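Reviewing the structure listed below.
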Amino acid sequence: MDTGLPPDALGRRVACGTDYGTVRYVGSVSPTAGIWLGVEWDDPQRGKHDGSYEGTQYFKCRHPKGGSFIRPNKANFGVDFLTAVKDRYGLNDNQDVQCGTGNTVVFGTKTVEFVGMDSVAEQQRQVQLNKLVNISVRECAVSHAGQEEEISRTCANMRHINLSKNLISSWETVVAIASQVQNLETLNVSENKMKFPSASTFTSSAFSNLKILALNQTEITWTEVLLCAQGWPVLEELYLSSNNITVLERPDNVLQTLKLLDLSDNQLLDGNQLHLIAQLPRLEQLILRNTGISSIHFPDAGFGCKTKMFPSLKRLAINDNKISQWSSINELDKLPSLRALQCNNNPFVDTEKNPETLKQLIIAKISQLEVLNNCEILPAERRGAELDYRKIFGKDWLEAGGHWNPEKNKPSEEFLAAHPRYPALCLKYGAPEEGELKGQQPLTLKNQLLTLTIKCPEKPEQKPVEKKLPESMTIQKVKGLLYRLFKIPGSDLKLSYKSSKLEGKEVELDNDLKPLQFYSIESGDCVLVRW
(Lines give C-alpha, C1' and ligand atoms only; values in the text may rest on other atoms or scores of the structure.)
Protein backbone atom coordinates (compact mmCIF):
# COMPACT_ATOMS: atom_id res chain seq x y z
CA MET A 1 0.00 0.00 0.00
CA ASP A 2 1.37 3.40 -1.01
CA THR A 3 1.32 5.67 2.02
CA GLY A 4 3.02 8.58 0.25
CA LEU A 5 5.66 8.55 2.97
CA PRO A 6 9.38 8.83 2.21
CA PRO A 7 11.11 5.45 2.71
CA ASP A 8 13.34 6.95 5.43
CA ALA A 9 10.48 8.63 7.33
CA LEU A 10 11.59 7.25 10.70
CA GLY A 11 13.95 9.75 12.31
CA ARG A 12 13.16 12.48 9.80
CA ARG A 13 12.40 16.05 10.80
CA VAL A 14 8.88 17.27 10.02
CA ALA A 15 6.84 20.45 10.30
CA CYS A 16 3.17 20.70 11.09
CA GLY A 17 2.08 24.29 10.70
CA THR A 18 4.58 26.30 12.73
CA ASP A 19 5.60 23.34 14.92
CA TYR A 20 8.73 21.25 14.37
CA GLY A 21 9.38 17.70 15.49
CA THR A 22 11.12 14.38 14.83
CA VAL A 23 9.35 11.22 13.61
CA ARG A 24 9.89 8.50 16.25
CA TYR A 25 7.32 5.95 15.03
CA VAL A 26 5.67 4.94 11.73
CA GLY A 27 2.86 2.37 11.77
CA SER A 28 -0.57 1.47 13.04
CA VAL A 29 -2.00 2.44 16.42
CA SER A 30 -4.58 0.01 17.76
CA PRO A 31 -7.58 0.07 17.61
CA THR A 32 -7.56 2.74 14.84
CA ALA A 33 -7.08 2.00 11.14
CA GLY A 34 -4.36 3.30 8.86
CA ILE A 35 -0.82 4.61 9.33
CA TRP A 36 0.15 7.08 12.02
CA LEU A 37 3.31 9.04 12.66
CA GLY A 38 4.51 9.25 16.26
CA VAL A 39 6.21 12.67 16.59
CA GLU A 40 8.38 14.03 19.39
CA TRP A 41 7.85 17.80 19.27
CA ASP A 42 10.58 20.39 19.85
CA ASP A 43 8.09 22.31 21.95
CA PRO A 44 6.69 19.82 24.51
CA GLN A 45 3.54 21.93 24.87
CA ARG A 46 2.54 20.82 21.36
CA GLY A 47 2.48 17.19 22.55
CA LYS A 48 -0.05 15.14 24.51
CA HIS A 49 1.79 12.12 25.92
CA ASP A 50 5.13 10.29 26.22
CA GLY A 51 4.67 8.08 23.15
CA SER A 52 2.26 5.62 24.72
CA TYR A 53 -1.41 5.10 23.88
CA GLU A 54 -3.88 3.01 25.87
CA GLY A 55 -1.14 1.18 27.73
CA THR A 56 1.13 0.48 24.74
CA GLN A 57 4.46 2.35 24.39
CA TYR A 58 5.00 3.10 20.69
CA PHE A 59 7.97 5.46 21.07
CA LYS A 60 9.85 7.37 23.77
CA CYS A 61 10.10 11.10 24.47
CA ARG A 62 12.44 13.12 26.64
CA HIS A 63 9.46 15.05 27.99
CA PRO A 64 6.49 13.19 29.57
CA LYS A 65 4.09 15.14 27.34
CA GLY A 66 6.34 15.84 24.36
CA GLY A 67 4.78 13.40 21.86
CA SER A 68 1.63 12.87 19.83
CA PHE A 69 0.33 10.96 16.81
CA ILE A 70 -0.52 12.66 13.52
CA ARG A 71 -1.65 11.37 10.14
CA PRO A 72 1.04 11.42 7.38
CA ASN A 73 -0.88 13.99 5.32
CA LYS A 74 -0.46 16.50 8.18
CA ALA A 75 3.35 16.21 8.13
CA ASN A 76 5.57 18.33 5.92
CA PHE A 77 8.74 16.36 5.14
CA GLY A 78 10.24 19.31 3.30
CA VAL A 79 11.72 20.08 -0.11
CA ASP A 80 15.12 19.85 -1.74
CA PHE A 81 17.58 22.73 -1.48
CA LEU A 82 17.20 24.04 -5.03
CA THR A 83 13.39 24.08 -4.88
CA ALA A 84 13.63 26.19 -1.71
CA VAL A 85 16.10 28.59 -3.38
CA LYS A 86 13.84 29.05 -6.41
CA ASP A 87 10.79 29.59 -4.19
CA ARG A 88 12.60 32.11 -1.96
CA TYR A 89 14.04 34.12 -4.86
CA GLY A 90 10.98 33.96 -7.12
CA LEU A 91 12.67 31.87 -9.79
CA ASN A 92 10.24 28.97 -10.10
CA ASP A 93 8.49 28.21 -13.36
CA ASN A 94 5.42 30.29 -12.52
CA GLN A 95 7.22 33.11 -10.67
CA ASP A 96 9.97 34.52 -12.90
CA VAL A 97 7.70 36.34 -15.39
CA GLN A 98 4.06 37.29 -15.68
CA CYS A 99 2.87 34.81 -18.27
CA GLY A 100 0.16 35.35 -20.89
CA THR A 101 -1.30 32.63 -23.08
CA GLY A 102 0.81 30.41 -25.33
CA ASN A 103 4.27 31.75 -26.11
CA THR A 104 3.59 35.31 -24.95
CA VAL A 105 4.77 37.38 -22.04
CA VAL A 106 3.25 40.57 -20.67
CA PHE A 107 5.51 43.60 -20.01
CA GLY A 108 3.27 46.31 -18.55
CA THR A 109 0.51 46.78 -21.17
CA LYS A 110 2.45 45.21 -24.06
CA THR A 111 2.13 41.55 -25.01
CA VAL A 112 5.20 40.19 -26.81
CA GLU A 113 5.33 36.80 -28.53
CA PHE A 114 8.46 34.65 -28.15
CA VAL A 115 9.56 31.58 -30.04
CA GLY A 116 10.91 28.77 -27.81
CA MET A 117 9.58 30.57 -24.75
CA ASP A 118 10.05 27.68 -22.31
CA SER A 119 13.72 27.09 -23.08
CA VAL A 120 14.52 30.83 -22.99
CA ALA A 121 12.83 31.20 -19.58
CA GLU A 122 14.78 28.25 -18.26
CA GLN A 123 18.06 29.79 -19.48
CA GLN A 124 17.16 33.09 -17.80
CA ARG A 125 16.50 31.26 -14.53
CA GLN A 126 19.85 29.50 -14.77
CA VAL A 127 21.65 32.81 -15.33
CA GLN A 128 19.90 34.44 -12.36
CA LEU A 129 20.61 31.50 -10.03
CA ASN A 130 24.26 31.49 -11.07
CA LYS A 131 24.54 35.15 -10.01
CA LEU A 132 23.53 34.40 -6.42
CA VAL A 133 26.42 34.68 -3.96
CA ASN A 134 24.56 35.08 -0.64
CA ILE A 135 21.63 32.71 -0.23
CA SER A 136 19.22 32.51 2.70
CA VAL A 137 16.62 29.74 2.80
CA ARG A 138 15.90 30.05 6.53
CA GLU A 139 12.58 28.42 7.46
CA CYS A 140 12.01 27.13 3.92
CA ALA A 141 11.51 23.45 4.95
CA VAL A 142 14.74 22.27 3.28
CA SER A 143 15.19 18.57 4.10
CA HIS A 144 17.49 17.12 1.42
CA ALA A 145 20.04 18.03 -1.23
CA GLY A 146 18.07 16.95 -4.28
CA GLN A 147 19.43 15.38 -7.46
CA GLU A 148 23.16 14.82 -7.59
CA GLU A 149 25.21 17.69 -9.02
CA GLU A 150 22.06 19.76 -9.67
CA ILE A 151 23.14 22.47 -7.19
CA SER A 152 26.66 22.78 -8.66
CA ARG A 153 25.21 23.14 -12.18
CA THR A 154 22.69 25.78 -11.11
CA CYS A 155 24.25 27.85 -8.30
CA ALA A 156 27.96 27.74 -9.04
CA ASN A 157 28.83 31.08 -7.41
CA MET A 158 27.34 30.62 -3.94
CA ARG A 159 29.69 31.53 -1.09
CA HIS A 160 27.41 32.22 1.88
CA ILE A 161 24.43 30.00 2.76
CA ASN A 162 21.88 30.36 5.58
CA LEU A 163 20.14 27.00 6.10
CA SER A 164 18.94 27.70 9.63
CA LYS A 165 15.63 26.38 11.02
CA ASN A 166 14.85 23.87 8.31
CA LEU A 167 14.04 20.14 8.32
CA ILE A 168 17.57 18.76 7.96
CA SER A 169 17.81 15.46 9.84
CA SER A 170 21.48 14.57 9.46
CA TRP A 171 24.93 16.06 8.93
CA GLU A 172 25.16 13.91 5.77
CA THR A 173 22.52 16.14 4.15
CA VAL A 174 24.62 19.22 4.94
CA VAL A 175 27.67 17.53 3.41
CA ALA A 176 25.63 16.59 0.31
CA ILE A 177 24.65 20.23 -0.23
CA ALA A 178 28.04 21.76 0.65
CA SER A 179 29.98 19.33 -1.55
CA GLN A 180 28.29 20.92 -4.58
CA VAL A 181 29.34 24.46 -3.62
CA GLN A 182 32.98 24.82 -4.53
CA ASN A 183 33.77 28.14 -2.82
CA LEU A 184 31.56 27.92 0.26
CA GLU A 185 32.90 30.31 2.95
CA THR A 186 29.99 30.84 5.37
CA LEU A 187 27.39 28.28 6.45
CA ASN A 188 24.62 28.62 9.04
CA VAL A 189 22.76 25.38 9.85
CA SER A 190 21.56 26.44 13.32
CA GLU A 191 18.19 25.28 14.70
CA ASN A 192 18.28 21.98 12.81
CA LYS A 193 18.18 19.02 15.22
CA MET A 194 20.51 16.66 13.39
CA LYS A 195 22.26 13.34 13.76
CA PHE A 196 26.03 13.75 13.61
CA PRO A 197 28.72 11.10 12.92
CA SER A 198 29.55 9.10 16.05
CA ALA A 199 32.77 7.66 14.63
CA SER A 200 35.52 8.93 12.41
CA THR A 201 34.24 8.83 8.83
CA PHE A 202 35.68 9.55 5.41
CA THR A 203 36.56 13.25 5.37
CA SER A 204 34.82 15.07 2.56
CA SER A 205 36.37 18.08 0.83
CA ALA A 206 32.97 19.81 1.02
CA PHE A 207 34.21 22.35 3.56
CA SER A 208 37.73 22.90 2.25
CA ASN A 209 37.18 26.70 1.98
CA LEU A 210 34.72 27.12 4.86
CA LYS A 211 35.68 29.94 7.25
CA ILE A 212 32.49 30.55 9.29
CA LEU A 213 30.15 27.83 10.60
CA ALA A 214 27.10 28.24 12.87
CA LEU A 215 25.76 25.12 14.62
CA ASN A 216 23.66 26.74 17.35
CA GLN A 217 20.77 24.65 18.73
CA THR A 218 21.64 21.52 16.75
CA GLU A 219 22.18 19.19 19.76
CA ILE A 220 25.78 18.54 18.70
CA THR A 221 28.21 17.31 21.37
CA TRP A 222 31.85 18.39 21.66
CA THR A 223 32.98 14.88 20.69
CA GLU A 224 30.93 15.17 17.49
CA VAL A 225 32.37 18.64 16.86
CA LEU A 226 35.91 17.21 16.93
CA LEU A 227 34.96 14.35 14.60
CA CYS A 228 33.38 16.68 12.04
CA ALA A 229 36.19 19.24 12.44
CA GLN A 230 38.54 16.95 10.55
CA GLY A 231 36.74 18.25 7.46
CA TRP A 232 37.08 21.96 8.38
CA PRO A 233 40.76 22.64 7.58
CA VAL A 234 40.60 26.47 7.40
CA LEU A 235 37.67 27.23 9.74
CA GLU A 236 38.02 30.59 11.57
CA GLU A 237 34.70 31.09 13.37
CA LEU A 238 32.58 28.40 15.05
CA TYR A 239 29.26 29.15 16.78
CA LEU A 240 27.96 26.40 19.11
CA SER A 241 25.54 28.09 21.49
CA SER A 242 22.65 26.23 23.20
CA ASN A 243 23.80 22.66 22.52
CA ASN A 244 23.95 21.17 26.04
CA ILE A 245 27.72 20.81 25.71
CA THR A 246 28.94 20.06 29.25
CA VAL A 247 32.33 18.40 28.73
CA LEU A 248 35.18 19.49 26.46
CA GLU A 249 38.08 17.46 25.04
CA ARG A 250 41.45 18.57 23.76
CA PRO A 251 41.29 19.30 20.00
CA ASP A 252 44.29 17.41 18.62
CA ASN A 253 45.16 18.38 15.03
CA VAL A 254 41.75 20.01 14.45
CA LEU A 255 40.42 23.58 14.86
CA GLN A 256 44.00 24.87 14.73
CA THR A 257 42.94 27.79 12.49
CA LEU A 258 40.04 28.84 14.74
CA LYS A 259 39.91 32.54 15.69
CA LEU A 260 36.43 32.71 17.29
CA LEU A 261 34.61 30.12 19.40
CA ASP A 262 31.11 30.69 20.82
CA LEU A 263 30.10 28.24 23.57
CA SER A 264 27.43 30.46 25.14
CA ASP A 265 24.34 28.90 26.75
CA ASN A 266 26.05 25.53 27.27
CA GLN A 267 26.28 24.51 30.93
CA LEU A 268 29.94 23.51 31.23
CA LEU A 269 30.82 21.12 34.04
CA ASP A 270 33.35 23.57 35.53
CA GLY A 271 35.82 26.32 34.63
CA ASN A 272 38.66 23.79 34.35
CA GLN A 273 37.06 22.52 31.13
CA LEU A 274 38.55 25.62 29.53
CA HIS A 275 42.08 24.26 30.05
CA LEU A 276 41.28 21.60 27.44
CA ILE A 277 40.87 24.21 24.68
CA ALA A 278 43.55 26.57 25.99
CA GLN A 279 46.16 25.54 23.43
CA LEU A 280 44.21 26.59 20.33
CA PRO A 281 47.03 28.67 18.85
CA ARG A 282 45.05 31.29 16.91
CA LEU A 283 41.95 31.69 19.09
CA GLU A 284 41.33 35.46 19.45
CA GLN A 285 37.74 35.56 20.70
CA LEU A 286 36.03 33.24 23.19
CA ILE A 287 32.35 33.69 24.08
CA LEU A 288 31.36 31.95 27.33
CA ARG A 289 28.14 33.82 28.15
CA ASN A 290 25.81 31.85 30.45
CA THR A 291 27.96 28.72 30.66
CA GLY A 292 27.57 28.30 34.42
CA ILE A 293 31.28 28.76 35.19
CA SER A 294 32.00 29.96 38.73
CA SER A 295 35.78 30.45 38.58
CA ILE A 296 38.72 30.92 36.22
CA HIS A 297 42.23 29.77 37.05
CA PHE A 298 45.49 29.45 35.12
CA PRO A 299 47.65 27.25 37.38
CA ASP A 300 50.75 27.37 35.16
CA ALA A 301 51.51 31.03 36.05
CA GLY A 302 52.22 32.72 39.39
CA PHE A 303 51.49 36.26 40.64
CA GLY A 304 52.36 38.89 38.03
CA CYS A 305 53.29 36.28 35.39
CA LYS A 306 51.68 35.43 32.07
CA THR A 307 50.08 32.07 31.31
CA LYS A 308 50.94 29.97 28.26
CA MET A 309 47.24 29.19 27.87
CA PHE A 310 45.15 31.02 25.24
CA PRO A 311 48.24 32.72 23.74
CA SER A 312 46.29 34.76 21.15
CA LEU A 313 43.08 35.48 23.07
CA LYS A 314 42.14 39.17 22.69
CA ARG A 315 38.40 39.22 23.43
CA LEU A 316 36.65 37.27 26.20
CA ALA A 317 32.95 37.27 27.16
CA ILE A 318 32.11 35.75 30.56
CA ASN A 319 28.91 37.69 31.28
CA ASP A 320 25.84 36.02 32.85
CA ASN A 321 27.84 33.46 34.84
CA LYS A 322 28.37 32.50 38.51
CA ILE A 323 31.79 34.08 39.12
CA SER A 324 31.69 35.34 42.71
CA GLN A 325 35.38 35.90 43.60
CA TRP A 326 37.65 38.75 42.51
CA SER A 327 40.45 36.18 42.25
CA SER A 328 39.02 35.12 38.86
CA ILE A 329 39.38 38.71 37.61
CA ASN A 330 42.98 38.73 38.91
CA GLU A 331 43.62 35.57 36.88
CA LEU A 332 42.57 37.31 33.65
CA ASP A 333 45.64 39.58 33.94
CA LYS A 334 47.69 36.44 33.22
CA LEU A 335 46.30 36.25 29.66
CA PRO A 336 49.08 37.73 27.51
CA SER A 337 46.92 39.16 24.70
CA LEU A 338 43.63 40.08 26.41
CA ARG A 339 42.31 43.47 25.27
CA ALA A 340 38.49 43.32 25.63
CA LEU A 341 36.31 41.83 28.38
CA GLN A 342 32.58 41.45 28.98
CA CYS A 343 31.79 40.40 32.55
CA ASN A 344 28.39 41.86 33.49
CA ASN A 345 25.86 39.88 35.55
CA ASN A 346 28.23 37.89 37.76
CA PRO A 347 27.93 37.72 41.58
CA PHE A 348 31.31 39.46 42.12
CA VAL A 349 29.76 42.58 40.55
CA ASP A 350 27.39 42.85 43.53
CA THR A 351 30.31 43.23 45.98
CA GLU A 352 30.71 46.85 44.89
CA LYS A 353 27.60 49.06 44.83
CA ASN A 354 29.17 52.00 42.99
CA PRO A 355 29.37 51.05 39.26
CA GLU A 356 32.14 53.58 38.60
CA THR A 357 34.28 52.09 41.40
CA LEU A 358 33.57 48.58 40.10
CA LYS A 359 34.79 49.60 36.67
CA GLN A 360 37.95 51.17 38.13
CA LEU A 361 38.78 48.03 40.12
CA ILE A 362 38.53 45.81 37.02
CA ILE A 363 40.63 48.23 34.95
CA ALA A 364 43.32 48.39 37.64
CA LYS A 365 43.43 44.60 37.99
CA ILE A 366 43.85 43.82 34.24
CA SER A 367 46.82 45.71 32.85
CA GLN A 368 46.31 45.45 29.08
CA LEU A 369 42.53 45.86 28.95
CA GLU A 370 41.37 48.41 26.35
CA VAL A 371 37.62 47.72 26.24
CA LEU A 372 35.40 46.80 29.21
CA ASN A 373 31.75 45.80 28.71
CA ASN A 374 31.84 47.37 25.23
CA CYS A 375 33.19 50.72 26.51
CA GLU A 376 36.65 51.94 25.48
CA ILE A 377 39.08 52.59 28.35
CA LEU A 378 40.77 55.96 27.81
CA PRO A 379 44.40 56.42 28.95
CA ALA A 380 43.36 59.02 31.57
CA GLU A 381 40.73 56.61 32.88
CA ARG A 382 43.31 53.85 33.28
CA ARG A 383 45.73 56.17 35.02
CA GLY A 384 43.01 57.35 37.41
CA ALA A 385 41.87 53.79 38.15
CA GLU A 386 45.42 52.60 38.86
CA LEU A 387 46.30 55.57 41.08
CA ASP A 388 43.07 55.16 43.05
CA TYR A 389 43.70 51.42 43.44
CA ARG A 390 47.22 52.13 44.67
CA LYS A 391 45.82 54.53 47.29
CA ILE A 392 42.78 52.53 48.37
CA PHE A 393 44.78 49.40 49.19
CA GLY A 394 47.90 51.22 50.42
CA LYS A 395 47.14 50.62 54.10
CA ASP A 396 46.54 46.91 53.46
CA TRP A 397 49.88 46.81 51.63
CA LEU A 398 51.72 48.36 54.59
CA GLU A 399 50.04 46.08 57.11
CA ALA A 400 50.89 43.03 54.96
CA GLY A 401 54.63 43.86 54.99
CA GLY A 402 54.88 46.38 52.16
CA HIS A 403 57.51 49.09 52.53
CA TRP A 404 58.86 52.13 50.62
CA ASN A 405 62.38 50.74 51.03
CA PRO A 406 62.77 47.97 48.39
CA GLU A 407 64.98 45.95 50.75
CA LYS A 408 62.26 45.88 53.39
CA ASN A 409 59.35 45.49 50.95
CA LYS A 410 58.04 41.98 51.57
CA PRO A 411 54.22 41.90 51.24
CA SER A 412 52.60 38.64 52.31
CA GLU A 413 51.48 35.88 49.93
CA GLU A 414 47.87 36.57 50.98
CA PHE A 415 48.14 40.23 49.95
CA LEU A 416 49.76 39.33 46.62
CA ALA A 417 47.06 36.73 45.95
CA ALA A 418 44.37 39.38 46.48
CA HIS A 419 46.26 42.18 44.68
CA PRO A 420 48.75 40.60 42.25
CA ARG A 421 49.15 43.85 40.26
CA TYR A 422 50.02 46.00 43.29
CA PRO A 423 53.83 45.60 42.96
CA ALA A 424 53.61 46.58 39.29
CA LEU A 425 51.55 49.68 40.16
CA CYS A 426 54.18 50.68 42.74
CA LEU A 427 56.87 50.36 40.07
CA LYS A 428 54.78 52.42 37.64
CA TYR A 429 53.75 55.26 39.98
CA GLY A 430 56.02 54.81 42.97
CA ALA A 431 55.08 53.30 46.33
CA PRO A 432 52.29 55.26 48.06
CA GLU A 433 53.65 57.91 50.40
CA GLU A 434 52.68 58.00 54.06
CA GLY A 435 50.95 61.36 53.64
CA GLU A 436 48.72 59.94 50.93
CA LEU A 437 47.50 57.15 53.17
CA LYS A 438 46.82 59.14 56.36
CA GLY A 439 43.11 59.06 57.11
CA GLN A 440 42.60 57.35 53.79
CA GLN A 441 38.94 56.80 53.04
CA PRO A 442 37.88 53.52 51.42
CA LEU A 443 37.04 55.58 48.33
CA THR A 444 37.81 59.18 47.36
CA LEU A 445 35.54 61.71 49.07
CA LYS A 446 33.04 63.16 46.65
CA ASN A 447 33.28 66.77 47.76
CA GLN A 448 36.91 66.99 48.85
CA LEU A 449 38.21 70.39 47.76
CA LEU A 450 41.20 70.64 45.43
CA THR A 451 43.48 73.67 45.39
CA LEU A 452 44.36 74.19 41.72
CA THR A 453 46.37 76.81 39.83
CA ILE A 454 44.70 77.95 36.61
CA LYS A 455 47.02 79.22 33.86
CA CYS A 456 46.60 80.38 30.26
CA PRO A 457 49.98 79.38 28.68
CA GLU A 458 49.25 81.13 25.38
CA LYS A 459 48.01 84.36 27.04
CA PRO A 460 50.91 85.63 29.21
CA GLU A 461 48.92 88.77 30.07
CA GLN A 462 46.49 86.58 32.04
CA LYS A 463 47.85 86.09 35.54
CA PRO A 464 47.59 82.60 37.11
CA VAL A 465 44.58 82.18 39.39
CA GLU A 466 44.29 79.85 42.37
CA LYS A 467 40.90 78.17 42.89
CA LYS A 468 39.45 75.65 45.34
CA LEU A 469 37.19 73.24 43.43
CA PRO A 470 35.34 70.08 44.59
CA GLU A 471 36.64 66.81 43.15
CA SER A 472 33.10 65.99 42.03
CA MET A 473 32.86 69.07 39.78
CA THR A 474 32.43 68.08 36.13
CA ILE A 475 34.68 69.49 33.39
CA GLN A 476 31.56 71.16 31.93
CA LYS A 477 31.01 73.09 35.18
CA VAL A 478 34.71 74.00 35.35
CA LYS A 479 34.32 75.51 31.86
CA GLY A 480 31.29 77.46 33.12
CA LEU A 481 33.42 78.88 35.94
CA LEU A 482 36.20 79.78 33.48
CA TYR A 483 33.66 81.56 31.23
CA ARG A 484 32.93 83.90 34.13
CA LEU A 485 36.68 84.46 34.57
CA PHE A 486 37.75 84.90 30.93
CA LYS A 487 34.46 85.63 29.09
CA ILE A 488 35.25 82.84 26.61
CA PRO A 489 32.40 80.37 25.74
CA GLY A 490 32.95 76.91 27.24
CA SER A 491 32.69 75.29 23.78
CA ASP A 492 35.83 77.19 22.72
CA LEU A 493 37.90 76.18 25.75
CA LYS A 494 40.42 73.33 25.70
CA LEU A 495 41.54 72.13 29.13
CA SER A 496 44.45 69.99 30.27
CA TYR A 497 46.49 69.67 33.44
CA LYS A 498 50.04 69.11 34.61
CA SER A 499 51.18 67.36 37.76
CA SER A 500 54.61 67.10 39.36
CA LYS A 501 54.09 63.33 39.33
CA LEU A 502 53.71 63.29 35.56
CA GLU A 503 57.15 64.74 34.84
CA GLY A 504 55.98 67.54 32.55
CA LYS A 505 53.36 65.52 30.65
CA GLU A 506 49.98 67.11 29.95
CA VAL A 507 46.72 65.18 30.36
CA GLU A 508 43.74 66.42 28.33
CA LEU A 509 40.47 67.00 30.21
CA ASP A 510 38.50 65.94 27.14
CA ASN A 511 35.20 64.61 28.52
CA ASP A 512 32.82 67.35 29.69
CA LEU A 513 30.65 64.88 31.62
CA LYS A 514 33.46 63.46 33.79
CA PRO A 515 34.34 64.91 37.23
CA LEU A 516 37.82 66.16 38.11
CA GLN A 517 38.42 63.07 40.27
CA PHE A 518 38.03 60.90 37.14
CA TYR A 519 41.35 62.33 35.92
CA SER A 520 43.03 61.88 39.34
CA ILE A 521 43.79 65.57 39.66
CA GLU A 522 45.28 66.44 43.06
CA SER A 523 45.77 69.62 45.05
CA GLY A 524 48.77 71.56 43.77
CA ASP A 525 48.23 70.52 40.13
CA CYS A 526 48.01 73.14 37.39
CA VAL A 527 45.02 73.41 35.00
CA LEU A 528 46.00 74.81 31.60
CA VAL A 529 43.39 76.75 29.61
CA ARG A 530 43.58 77.37 25.85
CA TRP A 531 41.17 78.81 23.30
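What does the C-alpha gyration tensor say about the overall shape of the chain? Classify as rounded when a/c is under 1.5, otherwise prolate if a/b is larger than b/c, or oblate. Walk me through the numbers before you get to the answer.
Numbers: a/c = 2.92, a/b = 1.94, b/c = 1.50.
Because a/c hits 1.5 or more and a/b exceeds b/c, the chain counts as prolate.
For the chain, a simple Cβ point-charge model (Lys and Arg +1, Asp and Glu -1, everything else neutral) yields a dipole of about 1560 debye relative to the Cα centre. Ordering F69, A9, L313 by Cα displacement along the dipole of the chain toward the positive end leaves L313 in first place; charges were set at the Cβ atoms of Lys, Arg (+1) and Asp, Glu (-1). Other residues lying with their Cβ under 10 Å from the Cβ of D50 contribute a combined charge of +3, Lys and Arg counting +1, Asp and Glu -1. Pick out, from Q128, G524, T474, the residue whose Cα sits farthest towards the positive end of the charge dipole of the chain, with +1 on the Cβ of Lys and Arg and -1 on the Cβ of Asp and Glu. Going by the charge dipole, the pick is G524.
Between the range 52-94 and the range 317-372, how many Å separate their Cα centres? Spelled out, the Cα-based centre of one part sits 46 Å from the other. Ignoring ligands, DNA and RNA, what percent of the accessible area of the chain is carbon or sulfur (1.4 Å)? Answer for the chain is 49 percent, counting heavy atoms of protein chains only.
Computed over the range 449-530, relative contact order equals 41 percent, with contacts defined as Cα pairs under 8 Å that lie 6+ residues apart. Extension gain, D510 to K60: 0.36 nm times the residue separation minus the Cα-Cα distance gives 155.5 nm. Computed from the C-beta positions of S200 and D270, the FRET efficiency with R₀ = 25 Å rounds to 0.35.
For the chain, what relative contact order do you get, as a whole percent, if you take Cα pairs closer than 8 Å and at least 6 residues apart?
About 6 percent, as a whole number.
When its C-alpha radius of gyration is set against 2.2 N^0.38 Å (N residues), the range 12-74 gives a value of 1.00.
Using only alpha carbons, the range 442-531 has a radius of gyration to Kirkwood radius ratio (Rg to Rh) of 0.94. The candidates R382, R282, R315, R530, arranged from most to least accessible area with a 1.4 Å probe in the full protein assembly, appear as R282, R315, R530, R382. Taking 0.36 nm per residue of sequence separation and removing the Cα-Cα distance, the D43/Q279 pair yields an extension gain of 81.1 nm.
Based on DSSP H segments of at least four residues, each scored -39500 (n - 2.57), the chain has a per-residue ellipticity at 222 nm of -6000 deg cm²/dmol. For the range 163-274, the C-alpha radius of gyration sits at 0.99 times the compact-globule guess of 2.2 N^0.38 Å, with N the residue count. Rounded to the nearest 20 debye, the dipole size of the range 9-69 about its Cα centre is 120 debye, using +1 on the Cβ of Lys and Arg and -1 on the Cβ of Asp and Glu.
Each Lys and Arg adds +1 at its Cβ and each Asp and Glu adds -1 at its Cβ; summed about the Cα centre, the range 449-530 shows a dipole of about 280 debye. Average accessible surface for the chain: 51 Å² per residue, computed with a 1.4 Å probe over protein heavy atoms with every protein chain in place.
Determine the gain in length on full extension of the stretch S491-R339; use 0.36 nm per residue of separation and subtract their C-alpha separation, reporting nm with one decimal. Intermediate results must be reported in sequence, preceding the final value.
Values: separation 152, 0.36 × 152 = 54.72 nm, distance 3.33 nm.
That works out to 51.4 nm of additional length.
In sequence order, the range 235-252 has phi-based couplings of 4, 10, 10, 10, 10, 10, 6, 6, 10, 6, 6, 10, 10, 9, 10, 5, x, 8 Hz under the Karplus curve 6.51 cos²θ - 1.76 cosθ + 1.60, θ = phi - 60°, and Gly or Pro positions carry x.
Just the number, please: percent antiparallel of the DSSP beta bridges in the chain, rounded to the nearest 5. Rounded to the nearest five, the antiparallel share is 55 percent.
The values are calculated or read from the model by the stated rules, or taken from the named source; none is laboratory data. Worth saying up front: this structure is predicted, and the values here are computed from it rather than measured. Counting neighbours? That spans all protein chains shown, and the Cβs are built from the backbone with ideal geometry, glycine included. Note: areas computed on protein heavy atoms with side chains; ligands, DNA, RNA excluded. Shrake-Rupley method; radii C 1.70, N 1.55, O 1.52, S 1.80 Å.
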